[in-house]
């Protein structure tokens with residue numbers, strides 16, 4: 001039984017540490033992440049837009065499967081943890097050999113290694129020292145730092161560059177683990193919601209995607225909001241001037257636009273939307289006495305404001321409808337869109353002892369416009385607006401962005417930094433007693449470019465050995481071996 005358990009544990013470990021398993025899981029992550037960009041995600045997308053994009057049945061299925069909030073779904077976070085486990089297992093399984101290779105470089109190639117290595121070359125030399133000196137000078141000329149290696153009664157030259165490249169894959173592994181760690185932290189402890197504020201309004205209540213609310217330890221005030229348009233009238237950008245209010249005082253202010261959020265205490269406030277809130281800020285009127293005995297006067301009214309017109313008459317801004325309709329002698333609101341506005345003024349005359357209902361536009365069935373002691377003309381209407389903010393708390397973002405930066409560093413090492421090694425070994429032929437200089441090299445990637453560099457090194461060594469070649473032309477023995 002114990003043997004079977006050990007065999008099962010070993011097989012499970014080999015599967016988890018397998019490169020194939022990791023690649024398959026990474027492909028799944030990419031596919032599901034793509035689904036999270038194709039399917040509209042909550043709460044970034046407005047509910048009305050979600051309902052118009054999908055049928056009720058399709059939306060229920062997407063919500064139930066977590067596809068409308070992929071990056072916070074339990075199965076996506078579980079997949080992140082599984083991929084992380086595979087990366088850790090693969091690294092633990094292979095790192096000891098990689099570290100030995102990195103910490104103890106192979107500086108003196110034995111005979112079997114020299115036979116198998118490609119590329120390689122052999123040049124005739126007069127003696128060991130002349131070959132070693134020629135190799136040192138040639139390597140120096142190419143910008144390498146040669147090292148003379150002594151092994152018992154043998155000597156050789158070794159030089160290398162960018163050994164760290166052998167560990168680049170572990171830099172990539174570490175970066176992926178940071179990204180996945182940040183994603184999991186965001187999924188477990190992060191949240192997103194919306195906060196709509198009218199100009200001048202202060203609130204600390206964020207509505208989350210599941211319909212619940214979250215109370216912030218500070219409040220956000222919208223001092224102003226607006227929209228800039230292109231020449232053809234289409235929106236160019238939305239902006240909001242926000243203030244962070246904590247303990248009754250403003251601690252931070254910023255004007256935000258799309259992709260430039262306000263960040264405070266780990267919470268980000270993104271500009272998401274902007275529009276009329278169906279309320280009026282100010283109605284500007286010109287009032288003229290109906291009997292023609294007085295002068296015109298201009299007045300400005302906010303909703304529910306009361307202004308005296310004379311000692312006997314006052315006017316109050318009673319109601320405003322951005323989109324109105326009349327039915328059965330009653331005025332009601334159809335929508336908050338400014339499509340068919342109407343304003344209701346209550347004019348009180350003490351001498352007449354009654355109130356007059358004045359409407360803009362005039363409505364015969366409900367208005368007393370012609371009977372009122374003043375006639376009114378509306379000259380300006382300033383509407384209130386709201387700013388829509390996306391609010392997010394993402395405590396794992398430091399891990400995600402650190403991982404992205406580290407991934408860039410790791411991939412730069414993987415693709416652009418090459419571990420290059422050169423060996424030069426004087427070899428004595430036991431039959432003839434003559435010496436030749438064996439030259440070999442290796443690179444962990446980009447072999448074609450490396451072979452050109454190797455040929456340049458050999459050419460420099462031949463140049464250094466020219467005096468030997470002229471005195472002993474018969475000894476210009478050149479041997480090329482390879483796999």
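Bear in mind that the values in this text are calculations on the coordinates, not laboratory data. Every value quoted in this text rests on a predicted model; they were computed, and no experiment measured them. In this analysis, Cβ positions are derived from the backbone assuming ideal geometry, glycine residues included, and neighbour counts consider all displayed protein chains.
Points worth noting:
- Against the chain, whose longest principal axis is taken from its Cα atoms, helix 19-38 shows a tilt of about 20°.
- Between the range 431-470 and the range 331-372, the Cα center-to-center distance that results, in Å: 101 Å
- Residue-span extension gain [residue 409 to residue 98] - 0.36 nm each, minus C-alpha spacing: 110.0 nm
- Packing order of peptides 440-450, 418-428, highest average first: 418-428, 440-450 (average count of other Cβ atoms within 10 Å over each peptide's residues).
- Cα-projected label distance for residue 115 with residue 61, points at 7 Å along beta-carbon direction, nm: 6.6 nm
- The length gained by stretching the chain between residue 296 and residue 236 to full extension, at 0.36 nm per residue less their Cα-Cα distance, is 17.6 nm.
- Ordering of 102-109, 276-283 by burial proxy (mean other Cβ atoms within 10 Å per residue, highest first): 276-283, 102-109
- Look at the Cα gyration tensor of the range 229-296: its axes a ≥ b ≥ c give a/c of at least 1.5 with a/b at or below b/c, and that counts as oblate.
- The range 80-131 shape via C-alpha gyration tensor axes, a/c threshold 1.5: prolate
- Simple spin-label estimate for residue 153 and residue 332 gives 11.2 nm between the two label positions (7 Å along the Cα-to-Cβ direction from each Cα).
- Residues 171, 61, 179, sorted so that the one with the fewest Cβ neighbours within 10 Å comes first: 61, 171, 179
- Length available on full extension from residue 364 to residue 140: 0.36 nm per residue minus the Cα-Cα distance, which gives 70.5 nm.
- Cα centroid separation, the range 145-161 to the range 4-19: 42 Å.
- In plain terms, the residue of 323, 186 with the fewest other Cβ atoms within 10 Å comes first and the most crowded comes last, giving 323, 186.
- Approximate spin-label separation residue 74-residue 288, in nm, with each point projected 7 Å along Cα-to-Cβ: 7.2 nm
- Labels on offer are (i) 61; (ii) 24; (iii) 40, and the one holding percent of Cα pairs over 36 Å apart computed from this structure is (i).
- Per-residue packing, averaged as other Cβ atoms within 10 Å, sorts the ranges 64-75, 45-56, 379-390 into the order 379-390, 64-75, 45-56, beginning with the highest.
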